[in-house]
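Student: Okay, here's the structure, questions in a sec.
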Amino acid sequence: MANISQLASSLRATFHTGRTNSLQWRSEQLKMLLKLLEENRDQLCNALKQDLNKHKFEASVLEIEYCRNDLIYCLNNLSEWAAPEKVAKGLLNMMDRCYIRREPFGVVLIIGAWNYPVQLTILPLIGAIAAGNCVVVKPSELSAHTARLLEELLPRYLDQDCVKCINGGVLETTALLDEKWDYIFYTGNSTVGKIVMQAAAKYLTPVTLELGGKSPVFVDKDCDLGIVANRVLWGKCTNAGQTCVAPDYIMCTKETQDALVGKLKNTLREFYGDNVKTSNDYARIVNDRHFQRIKGLLSTCSEIAVGGDLDESQQYIAPTVVTNVKFTDPVMQEEIFGPILPIVPVKDEDEAIQQIVKGDKPLALYIFSNNKSLVQKFITSTSSGGVCVNDTLMQGSIPSLPFGGVGNSGIGGYHGKFSFDTFSHKRAMMERDLALESVNGVRYPPFTDGKAKFALWIMKKRLKRTGILALLPHLFLGILIAALFQVH
């Protein structure tokens, strides 16, 4: 599309003026983004209610306040993050100024997701602006009310020469991916993630891919199963299971499964009453296509312990616990991304670990146990984007931890400083003096044995010794040799 090409060119021209390099500009834009969230909280909550039937509590806490906290964390630390970072030096570079300079990539593309359409659009935008980039934001069209609201609000609060919002569907996204960007940040499923990566490869554009996967839960027999039920079902039922790090399935022994089911039933009743459908606290599936997909998975489940109710007219699927599931069952072949919770009986933790290792690396791993050695066994024997012990989802709530996947669950991470670093090029900097040429001349031809010995000595890395005194002989010797070269 011609207008998208023009938009990209316009942003690039603005970037080359250097406007976004200023920390003052970045801070002002972040403060305006904070103002956007604070002044439009009710509008954003209403849009999320229309798109996903999110209760105001979920919308406010998990979307708006989540972004607000990240913004404040960023504003409080931006000058420190953007400052030159000193690096360790050896004898060869002891007189040089060596540091890392973090610079913006340039013009970046952010493609948001529909399940948390405020959080998953604004959080990467915070990092992109903080790092000094010009940005194109593409909200997900599936959360149409929120996308339209963001399209209206972003240009009202942010510098329109530097930040653009493009609304639309597949056609617009395809046109955006045809352009050359300096960085692409995508949140969504792995199928589209591969398309994004393929488009980026044409220009060797770096990417962050925030994807998903089947995040497993292991429940040890020593746990308080009432607490386990509360925390697992909170993670599963939040946003009706449409969360990338939602617990996808539970593994435990058959005996633990039988005891846990009763606790899960009690928890659901405590959360939503006797009729979940009438509860204002429970969200809905985003659209009919996703409803039909989850309905299809549910139809393959033979042992439903609780739930299983559907209402197509409302895109409602009840929280559903399925027992005695096998790893070969259809519900175990893809990420559920909905309110179905399969329980797969396993013999012990070794079988659970074996099954995790056999599959794609998940975005999250959840371990419920009071046994520290068992927890460490899971951590050291598996790989995942993140781990949370004795809870779910909460690993994403702290901006000082990176949020991201590994392998099929994603590339790269963000939140807090990790967002800033994601959108920053780390430029290696060395500033040298024109003095001491006699010492520096050891690298120039003609080569001699003496030059070689001196060069090898000064370049040689040494095992770290304790105490500063261990370095003094080398320091004095280096100064002495430098002085001798100056004399001769």
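Student: If you check every pair at least six apart or on different chains, which have Cβ atoms under 6 Å apart with a residue in region 140-161 that is in the same structural domain as T174 (by TED's automatic domain parsing) and buried (at least 18 other Cβ atoms within 10 Å of the Cβ) first and a residue that is acidic (D, E) and at pLDDT 95 or above second?
Tutor: These pairs meet every condition: S143/D51; T146/D51; A147/E141.
Student: Go through region 114-150 and count every residue that is within 13 Å of L44 (Cβ to Cβ) and of a type outside the set (A, V, I, L, M, F, W, C). Walk me through it before giving the result.
Tutor: The first filter runs over region 114-150 and keeps only residues within 13 Å of L44 (Cβ to Cβ), leaving 116-119, 121-122, 139, 143, 145-150.
The next check asks that each one be of a type outside the set (A, V, I, L, M, F, W, C); those that pass are 116-117, 119, 121, 139, 143, 145-146, 148.
Of the residues in that region, 9 qualify.
Student: Anything in region 350-371 that is loosely packed, with under 13 Cβ neighbours inside 10 Å, under 19 Å from T256 (Cα atoms) and among the charged types (D, E, K, R)? List them, or say none.
Tutor: Once the filter is applied, which keeps residues that are loosely packed, with under 13 Cβ neighbours inside 10 Å, under 19 Å from T256 (Cα atoms) and among the charged types (D, E, K, R), region 350-371 yields only D350.
Student: How about region 366-412: which of its residues are among the small types (G, A, S) and in contact with a helix residue (DSSP H, G or I) (Cβ under 7 Å, 6 or more places away or on another chain)?
Tutor: Step one: list which residues in region 366-412 are among the small types (G, A, S), which gives 369, 373, 381, 383-386, 396-397, 400, 404-405, 407, 409-410, 412.
Correct list: S369, S381, G385, G386, G412.
Student: Which one of these is outside the structural domain of L48 (by TED's automatic domain parsing), surrounded by fewer than 19 Cβ atoms within 10 Å (Cβ to Cβ) and over 24 Å from N189 (Cβ atoms): R289, R269? Even if it seems obvious, please write down each step before you answer.
Tutor: Details: R289 fails: over 24 Å from N189 (Cβ atoms).
From the options R289, R269, the qualifying one is R269.
Student: What are the residues in region 300-340 that are modelled with pLDDT of 95 or more, loosely packed, with under 12 Cβ neighbours inside 10 Å and either touching a Lys or Arg at 6+ places or on another chain (Cβ under 6 Å) or over 17 Å from D248 (Cβ atoms) (or both), if any?
Tutor: The answer is E303, S313.
Student: Something else: Given the options N230, N133, name the one that is surrounded by 18 or more Cβ atoms within 10 Å (Cβ to Cβ), assigned by TED's automatic domain parsing to the domain that holds V387, in contact (Cβ under 8 Å) with a residue 24 or more places away in the chain and more than 19 Å from G405 (Cβ to Cβ).
Tutor: N230
Student: Which condition number does L91 fail, the rest of (1) modelled with pLDDT under 95; (2) surrounded by fewer than 17 Cβ atoms within 10 Å (Cβ to Cβ) being met?
Tutor: (2)
Student: When the residues of region 112-122 are narrowed to those that are outside any loop (DSSP other than H, G, I, E, B) and in contact with a helix residue (DSSP H, G or I) (Cβ under 6 Å, 6 or more places away or on another chain), which ends up surrounded by the most Cβ atoms within 10 Å (Cβ to Cβ)?
Tutor: I122
Student: Do you know which residues across region 260-302 are assigned to a helix (DSSP H, G or I) and of a type in the set (G, A, S)?
Tutor: Passing the criteria: G262, G296, S299.
Student: Only one residue in N76, N46, N69 is in the same structural domain as H145 (by TED's automatic domain parsing), assigned to a helix (DSSP H, G or I) and within 18 Å of L154 (Cα to Cα). Which one?
Tutor: Result of the check over N76, N46, N69: N46.
Student: Considering only residues of region 32-60 that are of a type in the set (D, E, K, R) and surrounded by 14 or more Cβ atoms within 10 Å (Cβ to Cβ), which is farthest from N287 (Cα to Cα)?
Tutor: Initial filter on region 32-60 (of a type in the set (D, E, K, R)): 35, 38-39, 41-42, 49, 51, 54, 56, 58.
Next, from what is left, pick out any that are surrounded by 14 or more Cβ atoms within 10 Å (Cβ to Cβ): 41, 49, 51, 54, 56, 58.
Numbers: R41: 24, K49: 13, D51: 9, K54: 14, K56: 20, E58: 19 Å.
The residue in question is R41.
The values are calculated or read from the model by the stated rules, or taken from the named source; none is laboratory data. All values derive from a computational prediction rather than experimental measurement. Backbone-built Cβ (ideal geometry, glycine too); neighbour counts: all protein chains shown.
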